[in-house]
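Comments concern the structure below.
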Amino acid sequence: MTSVNTLIVQTPAASCDVELAKGPWEFDQLPGYGPGASENDRIPEPVVRPGQLPAAYQRMSDEELHARIRAAKETLGEKLVILGHFYQRDEVIQYADFVGDSFQLANAALTKPDAETIVFCGVHFMAETADILARPEQQVILPNLAAGCSMADMADEDSVEACWEDLLELYGTEPDADGRQPVIPVTYMNSSAALKAFCGRNGGIVCTSSNAATVLEWAFERGQRVLFFPDQHLGRNTAKAMGVPLEQMPMWNPRKPLGGNSVDDLESARVILWHGFCSVHKRFSVAQIEKARAEHPGVKIIVHPESPMPVVDAADAAGSTDAIRKFVIASQPGDTIAIGTEINMVNRLAAEFPDRTIFCLDPVVCPCSTMYRIHPGYLAWTLDGLVAGEVRNEIVVADDVATDAKVALERMLAALPR
Ligand code: SF4
């Protein structure tokens, strides 16, 4: 059985943080995202995500943890569905009934209406989304409550509301002659339920990296401009590919008056980008792409659109995790492929396609530090709880928030990827 320690040690590159070899429970009580996170990642106060794993589970051997997970799955049968994101570690993903990106998993949660419990091996916003879309009788569990997303936390509800007030004061609330609203809010899936609800209440929509272009088209049909949060890179890369000039994409920094922009800049804006990013995808660089091309002539390079724009421009292709997977499937035996996304997914593709040379663009291995917190210990503890009739680490979105968020999520589900 592979453990996180062996995963890191077996990888031929250095890890971005030696602390990653420790159990994630070592960091459950620390005020931050733990090892692997960028120094710019800060959990906003007063968000607290305690994730203390009982000591008995911390001490269990890998064999015992996996035996407990298998036994609990067997006992719970059809009452349980486990969802696993592509970025999840192998020791956990092997138990998932569905593996996919956030768009696919949002849909997958709907395909098991008879399951009493959805265990989401991903991060907090994904479990919230599953709870919003699930039937009221279904319960959603996030095995470790400390599995947040640093990007999602970069846009909090108060800051977005304050931005929205400034924009409405500037643009007014009247539609133009074509019936288009002054501004449409679009939130990336990687955001809190509160922000999805904000979009639902204000004529907006949720997008994923799979359907971002379809969603922006939807928004431009209804609005003169878009407020896109929290990921500046996905917003910029998607809008640029649709022909929106960079000078019409000002960035909104919530700590500055008018987001740090002039009135003129905002009046000519087509897409206002929030000042957020993913600390994993921010690591990819043009220099890495140049090095890969120099060392592997003929290499094909694909990156995730959460990567900075120069990286996307220098790659051969950019796409969601599902698109990256399809890119590899469509390649030929003998091909060399460099991928700019999270290391667990890259390692899994490399193992699945041994007749291709597949490697991560970043030579310093850095997993998503929050996804990494779903260790088999937490999965065993929550599943054992279900067997004993105890629901541990349930994610419950308040009804009023869920109602508005569902409006924006259902618009997202109808916006199929191109
Ligand atoms: S990879 Fe980045 S955006 Fe995705 S969950 Fe991890 S921190 Fe969040």
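None of the figures in this text is laboratory data; all of them are computed from the coordinates on show. Since the model is a prediction, treat every value here as computed from it, not as a measurement. As a convention, Cβ positions derive from the backbone with ideal geometry for all residues, glycine included, and neighbour counts pool all protein chains shown.
Across 20 Å bins from 0, what is the distribution of all Cα-Cα pair distances for the chain, in whole percents?
Per 20 Å bin, starting at 0, the Cα pair percentages come out as 27, 58, 15, 0.
Explain nothing, just the number: dipole magnitude of the chain about its Cα centre with +1 on each Lys and Arg Cβ and -1 on each Asp and Glu Cβ, in debye rounded to the nearest 20.
In debye, rounded to 20, the chain gives about 860.
Sorting MET151, MET60 on the 10 Å Cβ count, fewest up front, what's the list?
Ascending number of Cβ neighbours within 10 Å: MET60, MET151.
Return the distance in nm (one decimal) between the two label points of a simple spin-label model at ALA388 and ALA55, each offset 7 Å from Cα along Cα→Cβ.
That separation, rounded to one decimal, is 1.6 nm.
Quick check on the exposure proxy: order ARG348, ARG59, ARG293 from fewest to most C-beta atoms within 10 angstrom.
Least crowded to most crowded, the residues run ARG59, ARG293, ARG348.
Nearest 500 deg cm²/dmol is fine: what mean residue ellipticity at 222 nm does the chain get from its DSSP H runs of n ≥ 4 alone, each adding -39,500 (n - 2.57), divided by its residue count?
One gets -11000 deg cm²/dmol as the mean residue ellipticity at 222 nm.
Which value, in debye to the nearest 20, describes the size of the charge dipole of region 281-360 about its Cα centre when Lys and Arg Cβ atoms bear +1, Asp and Glu Cβ atoms bear -1, and nothing else is charged?
It comes to approximately 80 debye.
What is the gain in length, in nm to one decimal, between ARG255 and LYS79 on full extension, counting 0.36 nm per residue of separation less the C-alpha to C-alpha distance?
58.7 nm
Taking the DSSP beta bridges in the chain as the whole, what percent of them are antiparallel, to the nearest 5?
Looking only at bridges with both residues in the chain, the antiparallel portion is about 5 percent.
Under a plain spin-label model, where a point goes 7 Å from the Cα along Cα-to-Cβ, how far apart in nm are GLU26 and ASP316?
It is 3.9 nm.
Work out the FRET efficiency for ALA287 and LYS326 from their Cβ-Cβ distance, taking R0 = 41 Å, and round it to the nearest 0.05.
E(calc), rounded to 0.05, equals 0.90.
Mind checking the log10 I(q)/I(0) for region 281-360 at q = 0.16, 0.19, 0.22, 0.24 Å⁻¹? Debye, one equal scatterer per Cα, no solvent, two decimals.
The Cα Debye sum returns log10 ratios of -0.50, -0.72, -0.98, -1.18.
Number of Lys-Lys pairs in the chain under 26 Å by Cα, sequence gap 8 or more or different chains?
Taking the Cα cut-off of 26 Å, the pair count is 23.
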